[in-house]
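Below: the structure, in structure tokens.
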Amino acid sequence: MLFKSVLLGCCVLFSVLGCSGQKLDSKPTISIWHWMTDRDAAFQELAKKYETLTGVKVNFELYAPSDAYAQKIRAAAQGINLPDVFSILGQKQDFVSFIKAGHVLDLTAYMEADNNSWKNSFFPKALTVNEFGPQNSYGINPGIFGVPIDIMTIQMVYNKKLFTQLGLNPNRPPKTLSEFLDTGAKIQAVGLQGLVSGWGEIWMIDCLANNYAFNLMGKDKVLATIKGEVPYTDPDWVEVFTIFKQMKDSGILARGLVTMINKTAEQLFANEKAVFAFNGSWCANVYQGMNPGLEYGAMLPPQASDKFPMAIWGGAGSSFMVNARSKHKEEAVKFLIWLTDQDQQAYLSAATNNLPANKNSLSKIPAVLAQFARGMDYATHPNVWGVSEFSLVIEAFDYGIQSIIIGEKTPEQVAKEVQQVKERELAKKRKN
Amino acid sequence: MTLKQMKIKDTLENYVFVLPAVAIFSIFYIIPFIWVFQLGLFEWDGISFTRIFVGLDNFKEIFLQDVNWWRAMWNAGYITLIALLFQNILAFMLAWACDRQIRLKNFYRVIFFIPPVLSEIVVGMIWRFIINDIEGANIINRMLASIGFPNLMHQWLSDPKTVLTTVAAVHCWKGFGWGFLIFLAGLQTIPHQLYESARVDGANAWQSFKKITVPLMIPVTVLVAILTVLGSMQAFALILGLVGGEFAGHTSVPVLRILASMRGSSSRFGYACAQGISLGMILVTISFIQYRFSKKGQ
Amino acid sequence: MQHALYYKSKKFLINTLIHIFLISVAVTCLYPLLWMIASSLKTQDIIFKDISLIPQQLHFENYIHAFKEEGFGRSFLNSIFYTGFSVFGVVIIASMAGYAFSRLRFPGRTILFYMFIAAMMIPIPASFVPLYVLLNKLHLRDTPIGYILCMISVGLSVSIFLLKTFFDRMPKEVEDAARIDGCSKMGIWWHVALPLAKPVLAVVVIFNALNVWNEYILALIIFDSRKFMPLQVALQVFRGEFVTNYPLLMAGLTIAVLPIIIVYLLMQKYIVKEITSGEVFG
């Protein structure tokens, strides 16, 4: 008998713990999943405000870190239990998979209602990230599939105090690659770290390499490479790889850079152990939290050539998508329209140090953020190119650069290896 | 109730005892086991509702093209080899030293089994902070300098040439306790009269070690070797704690590759399963060869 | 006389050498742990400067901070909860099955037993991939019960094997006496077999507790919600967020390590006895 009662007790316990109470409510509750730890408090605040305004309850649920979040939505997509609103982390290909599986609502009609009033409130570049043009290579009906809630650019930042210490002008960051490389020796001499970044996470290397590819060969040639018309063994690409070798040789790169996660890089920069960092504009909020007294400025990556303009990655920072299978899609869209309205955007921007996606809210922002915002003129993003590179090629590309940084492969070797993977993937695609 | 009914009731009652175990085990162990083999034949991104049947293409890709996978296998093989050699020799020496009337015997036993009790993640992190210099105390280098070898000081974890060996060393630190206990168990089963009579016959310590200890320890050694191979080839959490990632392939190991296939930027569930099957088959083969080898040796 | 003295001093020398060898290995085993504990009591400024094992001042507040840190205290409780329930589940379910495989007759007995044993032998390094899909289908992903059931299934094979071997060697007379007294099969299992199996149950408890407490990969793929994460996963997150507050991180690591070391030290005599008796791997 004792055993049975113990078992029964366990079952009761399990069932209490196992089911997170799903209350039946007459008023719709919109649930939103996100991964933005730094913005959660502001989201909760806005949700409260929205409830008092409309009576619609909005539940922001935070899943962090971002790996866990990415896994969460993928699993939810598999099990068809995505929330009403979510955001997709990952490459364009992931976005495409979600759309093809019918998880994402096409928002074009809402965007274009009332003479495009919603659409026109955004920075155009913020919207293009979520847009599929006519005859895109992904085979998706043209349309807008996501709502940008903020914008970002990924640039370099430098520490002004350390600049003065090194005898450099804190208001004039290096403009050209050679100037930049020259600081390497000085930094080494005083025992500081040079450039830090999350290069243990593959995409951040990819980002800087692509910036230089745009600078050296222009957008058209980069896109032609992705389409398979130009090989990675082209001299221009070899030069892109060579830039990383030069950086390594000059001593400008922090030690252990290839295994560094971005959090570590941010800590090192915020604690004045590193002079440069390569990071996105979200860093303003991160650095603010780690070291409020940090004096730093944003700069474009120093250019390697003046043949083509320097390009950086930028556009929508985070976007929300509406679940096409949701029962409350209309309410969800209404909430997103409200969320991206001028006042709410200004509040989010002030509370979280992120650049607002609504162009009418860009009035009062901190100086560093303004510098990041200016970078928007140079911004591009793989998600707006209309074609994407195979993920295995990206992996080989970034692994290759990591190998160059630790000094075990030459740029030429890496170029050859990347091209091999590329040809293999092209052959596979032709077969299917 | 007839006799037959009673018998049926009796049997049913017996099934009640195994039912919970069989049910849980079938659902959470056997079904995934079968699914691995099924999914390995498909291409599936984990999101779409359709899986594309590709036959043995995943395996073809693994065996013919996936350089990163074989590099990961090589790395794991390297760690395993070092563990087989150094960890097990150390474990055997310690067991041999403890297998006698010696003070503090129990104390040693307890201490040597502490590292295996800890989790791989924690062990990796602790050692990272001991070894590393930017985010760590740089203790190994300080020690080298203080005992007069400043020229041996090295960036153990940020130099691609030494990182894998460092991983292997920490792996051995964590693992030798297992080998120690099993070897000790084996040594204690050898009857002392054997040594006594050998001594009476005039054999010295080395001779009786060679003639008695070694042959009797072969089955135990094979067991330790199989466990070492299984443990080392599948290690990965230690690397996450110690190095933090794959270090441009220098510390990638098979399980990390499987995880990357499943959770990475291009999620490939089918391919991940195929990778797992390949690794599993290789492990079973190695274990089987070792087992046969021990049978022959006897 | 001369000879005996020579023999004695030679033995003394050998014993000393052996002790030096053993002690140096023991120190290597303990040093990282002592260093971790010492570091957790220091401050950020001196942690990498003063590397002695005895801090000048003891800063216990690091532990309070670590526990207050969002999610850390919670994941500690999660780990205890998962470990407790999984071990309890394994003990009950495996001892029932082990008892049945040893004592009761029913068709399919041998084949079912071999199913459990075969699973012990065949490694399936990618089984977490389909397990993830399966749990997702059953809506058990990201739930404590899903994780606990998985951990129970992981522990079953070895535990059943250990328990069956034990029951096989247990004398049948006691049970016969109980049967004559009118005990049902359940009653015999609960009142007679389980109490007698205490030593082997201790081993089952320790091995499963170690296994669940230290488990990483399943927790990584099963849990997304921070509120459910056990310590091993939370530590990785914790490390990312406090990567330069080392004393805090060390306090966190110490908290993660101490419970399992305490459990081990309390029950180590069973482990050592069980392994050295050669049954686990017999």
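From the list B:TRP173, B:TRP127, exactly one residue is at the interface with chain C (Cβ under 10 Å from one of its Cβ atoms), over 19 Å from A:ARG255 (Cα atoms), assigned to a helix (DSSP H, G or I) and not acidic (Asp, Glu). Which is it? Lay out the reasoning, then the answer.
Numbers: B:TRP127 fails: over 19 Å from A:ARG255 (Cα atoms).
Answer to the check: B:TRP173.
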Next item on the list: Search the stretch B:88-141 for residues being of a type outside the set (Phe, Trp, Tyr) and touching a Pro at 6+ places or on another chain (Cβ under 8 Å), and hand back the single one that is surrounded by the most Cβ atoms within 10 Å (Cβ to Cβ).
Entry: B:VAL123
Notebook entry, point to check: When you go through (1) small (Gly, Ala, Ser); (2) within 12 Å of another protein chain (Cβ to nearest Cβ); (3) touching a residue at least 24 places away in the same chain (Cβ under 8 Å) one by one for C:SER52, which number turns out not to apply?
Noted result: (3)
Next item on the list: Could you please tell me which pairs satisfy a Cβ distance under 7 Å, a separation of 6+ or placement on different chains, a first residue in the stretch C:102-120 that is at the interface with chain B (Cβ under 10 Å from one of its Cβ atoms), and a second residue that is among the β-branched types (Val, Ile, Thr) and surrounded by 11 or more Cβ atoms within 10 Å (Cβ to Cβ)?
Entry: C:PHE106/B:THR11; C:LEU112/B:VAL18; C:LEU112/B:VAL22; C:PHE116/C:ILE160
Item checked: helices (runs of 4 or more DSSP H) lying entirely in the stretch C:96-177 (those with 2 or more residues that are closer than 30 Å to A:ILE73 by Cα and out of contact with any Ser or Thr (no Cβ under 9 Å at 6 or more places or on another chain)) -> C:128-137, C:144-169
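Hey, does the stretch A:273-289 have a residue that's within 11 Å of another protein chain (Cβ to nearest Cβ) and surrounded by 23 or more Cβ atoms within 10 Å (Cβ to Cβ)?
First pass over the stretch A:273-289, keeping only residues within 11 Å of another protein chain (Cβ to nearest Cβ): A:273-274, A:286, A:289.
Among the residues that remain, those that are also surrounded by 23 or more Cβ atoms within 10 Å (Cβ to Cβ) are: A:274.
Yes - at least one qualifying residue is present in the stretch A:273-289.
Return the residues of the stretch C:165-190 that are closer than 24 Å to C:PHE85 by Cβ and within 11 Å of another protein chain (Cβ to nearest Cβ); say none if nothing qualifies.
The first filter runs over the stretch C:165-190 and keeps only residues closer than 24 Å to C:PHE85 by Cβ, leaving C:166, C:186, C:189-190.
Listed by number, the residues that qualify are C:MET186, C:TRP189, C:TRP190.
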Next item on the list: Go over the candidates A:LEU257, A:LEU300, A:LEU268, A:LEU253 one by one and state the one that is closer than 19 Å to A:ARG172 by Cα and either free of Cβ contacts under 8 Å to residues at least 12 places away in the same chain or not β-branched (Val, Ile, Thr) (or both).
Entry: A:LEU300
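For the stretch B:220-243: of the residues being more than 21 Å from B:LEU256 (Cα to Cα) and either among the β-branched types (Val, Ile, Thr) or over 10 Å from the mean Cα position of the chain (by Cα) (or both), which is nearest to the other protein chains (Cβ to nearest Cβ)?
At the first step, the residues of the stretch B:220-243 found to be more than 21 Å from B:LEU256 (Cα to Cα) are B:220-226.
Still in the running and either among the β-branched types (Val, Ile, Thr) or over 10 Å from the mean Cα position of the chain (by Cα) (or both): B:220-224, B:226.
On the way: B:VAL220: 9, B:THR221: 12, B:VAL222: 11, B:LEU223: 6, B:VAL224: 9, B:ILE226: 10 Å.
Ranking the qualifying residues of the stretch B:220-243, first place goes to B:LEU223.
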Item checked: Residues (in a helix (DSSP H, G or I), farther than 16 Å from B:GLU246 by Cβ and in contact (Cβ under 8 Å) with a residue 40 or more places away in the chain) located in the stretch A:405-432 -> A:PRO411, A:GLU412, A:VAL414, A:ALA415, A:LYS416, A:VAL418, A:GLN419, A:LYS422, A:LEU426
Next item on the list: Under 7 Å between Cβ atoms, at least 6 apart or on separate chains: pull out the pairs that start in the stretch A:42-67 with a residue that is within 14 Å of another protein chain (Cβ to nearest Cβ) and end on any residue that is of a type in the set (Ser, Thr, Tyr).
Entry: A:ASN59/A:THR29; A:ASN59/A:SER31; A:GLU61/A:SER31; A:LEU62/A:THR37; A:TYR63/A:TYR69; A:TYR63/C:SER225; A:ALA64/A:THR37
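When you go through C:LEU249, C:LEU266, C:LEU235, C:LEU253 one by one, which is the residue that is farther than 28 Å from C:GLY146 by Cβ, aliphatic (A, V, I, L, M) and either in contact with a Pro (Cβ under 6 Å, 6 or more places away or on another chain) or at the interface with another protein chain (Cβ under 8 Å from one of its Cβ atoms) (or both)? Before you say what the answer is, go through the steps one by one.
Numbers: C:LEU266 fails: either in contact with a Pro (Cβ under 6 Å, 6 or more places away or on another chain) or at the interface with another protein chain (Cβ under 8 Å from one of its Cβ atoms) (or both); C:LEU235 fails: farther than 28 Å from C:GLY146 by Cβ; C:LEU253 fails: farther than 28 Å from C:GLY146 by Cβ.
Sole residue among the options that is farther than 28 Å from C:GLY146 by Cβ, aliphatic (A, V, I, L, M) and either in contact with a Pro (Cβ under 6 Å, 6 or more places away or on another chain) or at the interface with another protein chain (Cβ under 8 Å from one of its Cβ atoms) (or both): C:LEU249.
Going by what's in this entry, would A:THR37 be described as of a type in the set (S, T, N, Q), modelled with pLDDT of 85 or more and not assigned by TED's automatic domain parsing to the domain that holds A:MET204? Break it down into steps so the answer makes sense when it comes.
Numbers: of a type in the set (S, T, N, Q): yes; modelled with pLDDT of 85 or more: no; not assigned by TED's automatic domain parsing to the domain that holds A:MET204: yes.
Considered against the rule, which asks whether it is of a type in the set (S, T, N, Q), modelled with pLDDT of 85 or more and not assigned by TED's automatic domain parsing to the domain that holds A:MET204, A:THR37 comes out as no.
Quick grid of which residues meet (1) part of a loop (DSSP other than H, G, I, E, B); (2) aromatic (Phe, Trp, Tyr):
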position	(1), (2)
A:MET152	no, no
A:GLU179	no, no
A:ASP182	no, no
A:GLN188	no, no
A:GLY200	yes, no
A:TRP203	no, yes
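The values are calculated or read from the model by the stated rules, or taken from the named source; none is laboratory data. Every value quoted in this text rests on a predicted model; they were computed, and no experiment measured them. For neighbour counting, all protein chains shown are included, and Cβ atoms are generated from backbone atoms with ideal geometry for every residue, glycine included.
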